[in-house]
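What follows draws every value from the coordinates through simple rules; no lab data is involved. None of the values given here were measured: they were computed from a predicted structure. Cβ placement follows ideal geometry from the backbone for every residue including glycine, while neighbour counts extend to all protein chains displayed.
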Amino acid sequence: MTEHDDEFDPELLDLLSAGLSPTPPPSGLRARLMQRVGGPERFLPFLDRLIGLFDLPESETRREIDAILDPDAEWESMVPGCSFRDFDGGPGIGEAHAGLIRLQPGHVFPNHRHVGEERVLMMQGRVVDEHGTEYRAGDVIVSADGTEHELRAIGDQEVIYAAVVVALEFTGDDDADP
């Protein structure tokens, strides 16, 4: 036996695959996959990270995830194209606020200064900050106390992110376009 006996001959694999007939996917598979991709399950890969970010039990974190797509959930308008959902986090976040933010395509979460550290977990869409740094789903943005920034939604998808923040001081021009 040589060290390569466990490898397949590429020509043999080509011959074998050429002899196979295509098999159509099971009926309804595409519809089921698209429902999962577009439904609340699409945020479940973030569940463990959100539990840690918010310091909440799984059941409470799932309730907040479900609120993202619930048309009856309460969201407050902040500025044009931006709404948020504020809720109590667990004791591990101290006096910070826990929340979810929705930012419509092309809109801006206005320039603001942080009072205390802010931690953001991007869950959907893409944003770019004033330095041109782009963030997308799965990225974490940590902003130190006293830092300033703004986030602009780019692309055609609504941006959704989770945040834990002590306080914000808005520093931008009130007449700035959305």
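What to note about this one:
- Total charge dipole magnitude, the chain, about the Cα centre, Cβ charges on Lys, Arg, Asp, Glu only, Debye to nearest 20: 660
- Summed over qualifying helices (DSSP H, 4 residues or more, each -39500 (n - 2.57)) and divided by its residue number, the chain shows a 222 nm mean residue ellipticity of -6000 deg cm²/dmol.
- Computed from phi, the 3J(HN,Hα) profile of the range 84-96 under the Karplus parametrisation 6.51, -1.76, 1.60 (θ = phi - 60°) reads 9, 10, 9, 8, 6, x, x, x, x, 9, x, 8, 5 Hz, with x in place of Gly and Pro.
- Each residue in Leu100, Leu20 was given a count of other beta-carbon atoms within 10 angstrom of its own, and listing them fewest first yields Leu20, Leu100.
- In this simple spin-label model, placing a label point 7 Å from the Cα along the Cα-to-Cβ direction at both Asp129 and Gln157 gives a separation of 2.1 nm.
- Estimated distance in nm for a label pair at Glu41 and Leu16, the labels positioned 7 Å out from Cα along Cα-to-Cβ: 3.1
- Model label zone, Ala167; criterion: amide N under 12 Å from point 7 Å along Cα-to-beta-carbon; scope the range 78-96: 96
- Value of Rg/Rh across the range 81-141 [Cα atoms, Kirkwood radius]: 0.95
- Sequence of Val127, Val140 once ranked by neighbouring C-beta atoms within 10 Å, starting from the fewest: Val140, Val127
- Ranked Ser143, Ser59, criterion: other C-beta atoms within 10 Å, fewest first: Ser59, Ser143
- Gap separating the Cα centres of the range 41-90 and the range 107-178, nearest whole Å: 17
- The chain: proportion of alpha-carbon pairs further apart than 25 angstrom, %: 45
- Using a Gaussian network model of the chain in which every pair of alpha carbons under 10 angstrom is joined by a spring, one finds that among Gly94, Gly52, Gly106 the greatest mean-square fluctuation is at Gly94.
- Which of Ser77, Gly90, Leu12, positive extreme of dipole for the chain (C-beta unit charges): Ser77
- For the chain, built as a Gaussian network whose Cα springs stay under 10 Å, the top-fluctuating residue of Val108, Val128, Val164: Val128
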